[in-house]
């Protein structure tokens, strides 16, 4: 049986579900975190401060729109019973948009800055919607005794996919011609021209093809709900009523409500660190694509280790304690990251910008310090993701698992505009990437304080009217 109280899917069905996340995550890893966004900020916009602010504003705008649209769309889809049509539509748009990133060139020689921002805005909207509907399938397809395994496998496959694609881009397009190493091609493959920043722009089409291919197992083998015979206007009306009723019912579950509210803040802050970490590093140290790729490869490896470590800590210490450790460590790590400049670490320690070893990458002590500190963040970030999902399963009433897991999925989108808006605003006001990036600690601290009032105890259904 599944958490929804219905027969679970076959092994082929529930083991195909993680490929939906494996399809999406490489786009987030390559485009948003490590390669395209830093290229867009530093080269296309040409000003790291202005670029970081623009990225913050479009992400904030998308999050604000999703805060209103996602709950309604989710309720309509629950009434209709099908999620796959939403996956097809959003993944299709994302793939086309990702292909268009190839034409984003410096000095608006290709797509205009306005059109580029519109494409990135649309992809962000579709990315979150696809994530909501894909996550909503999990409680009804996975067996109760395997839901943790399937959920963890999805995180692992997403990081493996991002790692493999970044390794391919690094060895095939970014490093050839820059180092005399025998295992590298003499020139980039397929005629990629580094002078035209094609090794940066190619990650969009690669992510687009990957999304299309790895979404297929979900569409082909993971079962979906049955379509409703009701017309769309009736589904929309019923969906609005369900949203209203759900809000009223959540008031009876104060512990869950406190948890979801806390999660909105600490997850937003932690995701913000992941999103802006590469942009901040490239602007601070002038890291090129090759350096960012190596940085991303190592960080993805640390994240995979963090997923394993988080599961062990969760079993030993409990979900809340593990989550508190992850948030506290992430906050300290962020404040440590922004203590680094090209010449200093820990705010006051002047160490200089001279190379400390002969490597062409991460040659200075501040770069090495930033690199190592970020690996710690990656481990505890994934630990936090894993523990937060496990905690939701522990405190939700089994009879309402699907409803509360839906709210759990939406809790990371309702305030998704806060982190980028905070970064964009602080960056603009203070004309400082450092202050803008560091402001994310505020959200994590708020979430951690709220989490102190959450208990690790399972709720029960209150009132027959909730059925």
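On inspection, residue 339 qualifies as surrounded by fewer than 20 Cβ atoms within 10 Å (Cβ to Cβ), more than 20 Å from the chain's Cα centre (by Cα), without any contact (Cβ under 8 Å) to a residue 40 or more places away in the chain and within 27 Å of residue 60 (Cβ to Cβ).
Do the conditions hold for residue 419, that is, is it crowded, with 23+ Cβ neighbours inside 10 Å, part of a helix (DSSP H, G or I) and either touching a strand residue (DSSP E or B) at 6+ places or on another chain (Cβ under 6 Å) or modelled with pLDDT under 85 (or both)?
On the way: crowded, with 23+ Cβ neighbours inside 10 Å: yes; part of a helix (DSSP H, G or I): yes; either touching a strand residue (DSSP E or B) at 6+ places or on another chain (Cβ under 6 Å) or modelled with pLDDT under 85 (or both): yes.
Yes.
Looking across 136, 142, 118, 154, one residue alone is within 24 Å of the chain's Cα centre (by Cα), without any contact (Cβ under 8 Å) to a residue 12 or more places away in the chain and more than 18 Å from residue 202 (Cα to Cα). It is 118.
Total residues in region 247-262 satisfying the condition of being in a helix (DSSP H, G or I), touching a residue at least 40 places away in the same chain (Cβ under 8 Å) and surrounded by fewer than 24 Cβ atoms within 10 Å (Cβ to Cβ): the figure is 8.
Being without any contact (Cβ under 8 Å) to a residue 12 or more places away in the chain and either within 26 Å of residue 25 (Cα to Cα) or surrounded by 22 or more Cβ atoms within 10 Å (Cβ to Cβ) (or both) is the requirement here; does residue 372 meet it?
Working: without any contact (Cβ under 8 Å) to a residue 12 or more places away in the chain: yes; either within 26 Å of residue 25 (Cα to Cα) or surrounded by 22 or more Cβ atoms within 10 Å (Cβ to Cβ) (or both): yes.
Yes.
Across region 167-179, the qualifying residues are those that are out of contact with any helix residue (DSSP H, G or I) (no Cβ under 6 Å at 6 or more places or on another chain) and outside any helix (DSSP H, G or I), and the one among them that is surrounded by the most Cβ atoms within 10 Å (Cβ to Cβ) is 176. Modelled with pLDDT of 90 or more, assigned to a loop (DSSP other than H, G, I, E, B) and under 25 Å from residue 196 (Cβ atoms) - does that describe any residue in region 113-132? No, that holds for no residue.
Looking at residue 62, is it in contact with a helix residue (DSSP H, G or I) (Cβ under 6 Å, 6 or more places away or on another chain), modelled with pLDDT of 90 or more and assigned to a helix (DSSP H, G or I)?
On the way: in contact with a helix residue (DSSP H, G or I) (Cβ under 6 Å, 6 or more places away or on another chain): yes; modelled with pLDDT of 90 or more: no; assigned to a helix (DSSP H, G or I): yes.
No, not satisfied.
Which of the residues belonging to region 188-205 are assigned to a helix (DSSP H, G or I) and in contact with a helix residue (DSSP H, G or I) (Cβ under 6 Å, 6 or more places away or on another chain)? Step through it out loud before you land on a result.
If we filter region 188-205 for residues that are assigned to a helix (DSSP H, G or I), which is where we start, we get 189-191, 194-196, 198-201, 203-205.
Within region 188-205, 189, 199, 200, 201, 203, 204, 205 meet the criteria.
In the set (1) more than 20 Å from residue 6 (Cβ to Cβ); (2) in contact (Cβ under 8 Å) with a residue 12 or more places away in the chain; (3) in a loop (DSSP other than H, G, I, E, B), residue 182 fails one condition alone, (2). Against the condition under 18 Å from residue 334 (Cβ atoms) and modelled with pLDDT of 80 or more, how does residue 278 come out, does it pass? When the stated conditions are applied, residue 278 does not pass them. If we scan region 91-98, do we find a residue that is modelled with pLDDT under 80 and buried (at least 22 other Cβ atoms within 10 Å of the Cβ)? No, because not a single residue in region 91-98 is modelled with pLDDT under 80 and buried (at least 22 other Cβ atoms within 10 Å of the Cβ). Within region 95-112, being farther than 15 Å from residue 51 by Cβ, out of contact with any helix residue (DSSP H, G or I) (no Cβ under 6 Å at 6 or more places or on another chain) and outside any loop (DSSP other than H, G, I, E, B) holds for 96, 103.
The values are calculated or read from the model by the stated rules, or taken from the named source; none is laboratory data. As the structure is a computational prediction, the values presented were derived from the model and not from experiment. Every residue, glycine as well, gets a Cβ built from its backbone with ideal geometry; the counts of neighbours run over all protein chains shown.
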